[in-house]
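Trainee: Quick one: the structure is below, and I'll ask about it shortly.
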Amino acid sequence: MTAPQPKPWIMGIAPYVPGRSTVDGAAKVTKLSSNENPLGTPQAAREAFETAHRSLERYPDAAAAELREKIAAHYGLDPARVIYGTGSDEILHLAAGAYAGPGDEILYVRYGFAVYDIAARRVGATPVIAPDKDHATDIDALLACVTEKTRVVFVANPNNPTGTFMPHADVMRLHAGLPSDVLLVLDQAYAEYLDAGEDDGGMELAIDAPNVLVTRTFSKIYGLAAERIGWGYASAPIIDALHRIRAPFNVTTAGQSAAIAALDSQDFVVASREHNTTWRAWFEDQIAGMGNAGLRAVPSKANFSLVLFEGRVTAEMAYHALMERGYIVRWLPGQGLPNGLRITIGTEEDMRGIADALREIVGG
Ligand SMILES: *Cc1c(COP(=O)(O)O)cnc(C)c1O
């Protein structure tokens, strides 16, 4: 008897490894492994979430009408062209599913977001990985990898796990260099962490160009990772295609309510950004001070820092030593970064604590 066989490309997927959240035996655990907001969730979003539980027997609004209106009003967009997903992860999968399949290529840069590989393989497309430039996106190398089979290009800006950023002119150059029948997905999960004036122009492209999809999330600066709410913006034909394969009730009632309230909580967003900018700079300074032990932080525009270990103490040793002290960070051998630890910018106490711990580990 033969058992059902998964498609061969499904078995080619390496299962996604989430950031750990537990440590055996540590008295106090500090989780800096999933880029969550150390300031928590806006109070109004928490209240909206709790109120939504009064109608548990009802399906959510399948059209997410109020959420789309709210997003459109906040960002100056057309509500009809806002797509929403079970996290922005779902929208990445929708993009791959609608525009690529077996025989097609999906392109992204080395050290790109881990979901791109899964999204490409899941639909039977061939993942193509362009070389990086010291961990950052190399536009020329990326464009050189485009073939007549390329259907989708995924770029996160700022990127995860590196934190690197392509400025406005580079995003424009990338778009200008792509054939018009290639879908450019600009993943802006960390866009709200950029300072005013650092906008990469991705949303303008999504407004005007027929081949650009921008994705955003409520998981990071808005502090709603538990509810899985993401959204995207593109031309009407792209949005129409994505809706056809979206799960019908993909964003929960509580999630929609919480996201609407979160958008009204811009003070929280500003406070989160300022906290992040301050403590990221502070932490990068601390790492620079450990340069003689071979530590180096890749310059970051996101809410985490990728620390490279190029001395006697390896990233693996530091990962375990931090864990013994109760600090969970992300070690990334599965993403080709065995010499790197990705460390989320936490509270002041978290950052002072982990900097002290690292100094002890590399000095001792
Ligand atoms: C966290 C993250 C996402 C998505 O998160 P969701 O919780 O699914 O919205 C998407 N892209 C990048 C680069 C991320 O780091």
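Trainee: Run the simple label-point estimate for Ala226 and Thr2 please: 7 Å along Cα→C-beta, distance reported in nm.
Mentor: Label-label distance for Ala226 and Thr2, simple model: 4.7 nm.
Trainee: Modelled label-to-label distance, Ser180 and Asp24, 7 Å Cα→beta-carbon offset: nm?
Mentor: So the label points at Ser180 and Asp24 sit 6.0 nm apart.
Trainee: Mind grabbing the base-10 log of I(q)/I(0) for the stretch 117-159 at q = 0.13, 0.21, 0.24, 0.28 Å⁻¹? Debye formula, identical points on the C-alpha positions, no solvent, two decimal places.
Mentor: Log-scaled intensity ratios, in q order: -0.30, -0.76, -0.95, -1.15.
Trainee: How many nm is it between the label spots at Glu57 and Ala236, if each spot is 7 Å from the Cα in line with the beta carbon?
Mentor: About 4.0 nm separates the two model spin labels.
Trainee: Tell me, what ³J(HN,Hα) does each residue in the stretch 256-263 have, in order and in whole Hz, if you take phi through Karplus 6.51 cos²θ - 1.76 cosθ + 1.60 with θ = phi - 60° and put x for Gly and Pro?
Mentor: Residue by residue, the stretch 256-263 yields 4, 5, 5, 5, 4, 5, 5, 4 Hz.
Trainee: Let me ask you something else. Report the relative contact order of the chain, percent, no decimals, based on alpha-carbon pairs under 8 angstrom and at least 6 residues apart.
Mentor: It comes to 23 percent, rounded to a whole number.
Trainee: Using a 10 Å cut-off on Cβ atoms, rank the peptides 6-15, 137-146 from the highest mean neighbour count down.
Mentor: Ranked from most to least packed, the peptides come out as 137-146, 6-15.
Trainee: In deg cm²/dmol and to the nearest 500, what is the mean residue ellipticity at 222 nm of the chain if only DSSP H runs of at least 4 residues count, each as -39500 (n - 2.57), divided by the residue total?
Mentor: Theoretical 222 nm ellipticity from helices: -11500 deg cm²/dmol.
Trainee: Which order do the peptides 158-171, 33-46, 221-234 take when ranked by the mean count of other beta-carbon atoms within 10 Å per residue, highest first?
Mentor: The peptides rank, most packed first, as 221-234, 158-171, 33-46.
Trainee: What share of the DSSP beta bridges in the stretch 43-264 is antiparallel, in percent to the nearest 5?
Mentor: Looking only at bridges with both residues in the stretch 43-264, the antiparallel portion is about 35 percent.
Trainee: Ok, one more. How much accessible area per residue does the chain have, in Å², with a 1.4 Å probe?
Mentor: That works out to 43 Å² for each residue.
Trainee: Taking the Cα centroid of the stretch 233-307 and of the stretch 215-230, what is the distance between the two, rounded to the nearest whole Å?
Mentor: 8
Trainee: Out of all DSSP beta bridges with both ends in the stretch 94-172, state the antiparallel percent to the nearest 5.
Mentor: If I count the DSSP bridges inside the stretch 94-172, around 10 percent turn out antiparallel.
Trainee: Which order do the peptides 330-342, 66-78 take when ranked by the mean count of other beta-carbon atoms within 10 Å per residue, highest first?
Mentor: Result, highest mean first: 330-342, 66-78.
Trainee: Once the piece of chain linking Ala247 and Ala141 is laid out straight, how much longer is it, given 0.36 nm per residue of separation minus the C-alpha distance between them?
Mentor: Extra length available between Ala247 and Ala141 comes to 34.6 nm.
Trainee: Still on this model: Report the extension gain between Gln43 and Gln266 in nm, rounded to one decimal, defined as 0.36 nm multiplied by the number of residues separating them, less their alpha carbon distance.
Mentor: Between Gln43 and Gln266, full extension yields an extra 79.1 nm.
Trainee: First compute the accessible area of the stretch 43-264 with a 1.4 Å probe, then give the percent of it belonging to carbon and sulfur atoms.
Mentor: Using a 1.4 Å probe with all protein chains present, the stretch 43-264 comes out at 53 percent carbon and sulfur.
The values are calculated or read from the model by the stated rules, or taken from the named source; none is laboratory data. On a predicted model such as this, the values are computed, not experimentally measured, just so you know. Counting neighbours? That spans all protein chains shown, and the Cβs are built from the backbone with ideal geometry, glycine included. Note: accessible area is taken over every heavy atom of the protein model, side chains too, but ligands, DNA and RNA are not part of it. Shrake-Rupley method; radii C 1.70, N 1.55, O 1.52, S 1.80 Å.
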